[in-house]
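Chemist: Below are the structure tokens for one structure; questions will follow.
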Amino acid sequence: MGNQPPEPDEGTVPGDDTSRRSFLKGAAVGVGAAAAGGSAGFLALRNEDTGDVAAAMPASEGYLLIDPEKCAGCQSCMLSCSVGHDGEASLSQSRIQIVESPFKGFPDDIDVNHCRQCTYPACAEACPTDALHADEETGNVRFVDEDKCIGCERCIEACPYDPSRVTWDVNSQTAKKCDLCADTPHWNEEGGPDGSQACVETCPVDAIKFTEQIPAQVGPGAYEINLRDEQWAELGLYAGDAL
């Protein structure tokens, strides 16, 4: 399957004064019908002024922002992720991935790789069974339904980021990805966009933040922000240009 959007049902976009968030959230109307057609909830939205039509998926109601220059590489986020979702402390089972390179100096020595909950997710487009979809019950988080996943790994290959934000679950032999802790049977807190996220809660240096605002979808900048405050600078640590 290529990068072009599928042939979706047609909807209507309000005027230009509508915000991007409202524009995308409005696409939630009729998602069920579109999903039944094998397009994981993609809808065609038509601008009344220009007549342009574009495919879209209802926007996720939550996103993770990270500060890779604040990250200490302790991997607490990875362990809490796997414990909450799978009941075991396993770095390979984590949905968020910390990659460290001993051959690079600060700040390029640590990469924090997390799902962006893309507004137009290539992973969902590539899924032939709609197992990877925008889950309306959990705030339109991009979600993998294990019962529908056939293990073809097309979603893993389709993710445009390296490493892929969709990973392989060695236990269930299905794809898995960040769901903002919407389905964490081994964690005693409510997750999802309306709840908490294990990685955010356990990061000892507050290098991960939850937001309801849609980050810019081009480039890493909007997802990678400076989360260091004045106390960080008072400790003599690198504070960056934003302080």
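Chemist: Using protein chains only and a probe of 1.4 angstrom, how many square angstrom of Tyr238 are accessible, to the nearest 10?
Modeler: 110 Å²
Chemist: Roughly what % of Cα-Cα distances in region 93-219 sit above 20 Å, to the whole percent?
Modeler: Beyond 20 Å sits 47 percent of the P(r) for region 93-219.
Chemist: Can you give the Kirkwood hydrodynamic radius for region 147-243, in Å, rounded to one decimal and based on Cα pairs?
Modeler: 16.3 Å
Chemist: Could you tell me what percent of the accessible area of region 166-243 is made up of carbon and sulfur, with a 1.4 Å probe and every protein chain present?
Modeler: Answer for region 166-243: carbon and sulfur cover 47 percent of the accessible area.
Chemist: May I ask for the net charge around Ile110, where only other residues with Cβ less than 10 Å from the Cβ of Ile110 are counted and Lys, Arg are +1 while Asp, Glu are -1?
Modeler: -3
Chemist: Within region 180-200, whose backbone N sits under 18 Å from a point 7 Å along Cα→Cβ of Glu88?
Modeler: Hits in region 180-200 for Glu88 at 18 Å: 184-187.
Chemist: Right, something else. Hey, what's region 142-243 come to in accessible area per residue, 1.4 Å probe, Å²?
Modeler: 57 Å²
Chemist: Another question, then. Under a Cβ-only charge scheme (Lys and Arg +1, Asp and Glu -1), can you give me the dipole magnitude of region 50-134 about the Cα centre, in debye to the nearest 20?
Modeler: Approximately 60 debye in magnitude.
Chemist: What do you reckon, how do Phe143, Phe106 stack up by accessible area (1.4 Å probe), largest on top?
Modeler: If we order Phe143, Phe106 from most to least accessible, we get Phe106, Phe143.
Chemist: Still on this model: Carbon and sulfur: what percent of region 107-159's accessible surface (1.4 Å probe)?
Modeler: The computed percentage sits at 40.
The values are calculated or read from the model by the stated rules, or taken from the named source; none is laboratory data. Model, not experiment: these values are computed from the prediction. Positions of Cβ are generated from backbone atoms using ideal geometry, with glycine treated the same way; all protein chains shown enter the neighbour counts. Please note that ligands, DNA and RNA were not included when accessible areas were found on the heavy atoms of the full protein model with its side chains. Shrake-Rupley method; radii C 1.70, N 1.55, O 1.52, S 1.80 Å.
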